[in-house]
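The values are calculated or read from the model by the stated rules, or taken from the named source; none is laboratory data. Bear in mind the structure is a predicted one, so any value in this text is a computation, not a measurement. Neighbour counts are summed over all protein chains in view; Cβ atoms, including those assigned to glycine, are modelled from backbone coordinates with ideal geometry.
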Amino acid sequence: MFRRRDARAQRRMGSLEEERVSADSIVRASKECFEQWRASAPLRQSLL
């Protein structure tokens, strides 16, 4: 997975700004996902 992304990044070195923006959106999405997961922790524990 990471190897393929590195190859794609090397092919289009001119769009580093685009890479950074997409990375920021990925980080933001993963933070939101983590917040939802943490919010659902009491629910998961009650199901165990």
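Within region 21-44, the residues that satisfy the criterion of being loosely packed, with under 10 Cβ neighbours inside 10 Å and at pLDDT below 90 are Ala41, Pro42, Leu43, Arg44.
Close contacts from region 27-48, counting a first residue that is part of a helix (DSSP H, G or I) and a second that is among the basic types (Lys, Arg), with Cβ to Cβ under 6 Å and a gap of 6+ residues or different chains, come to none at all.
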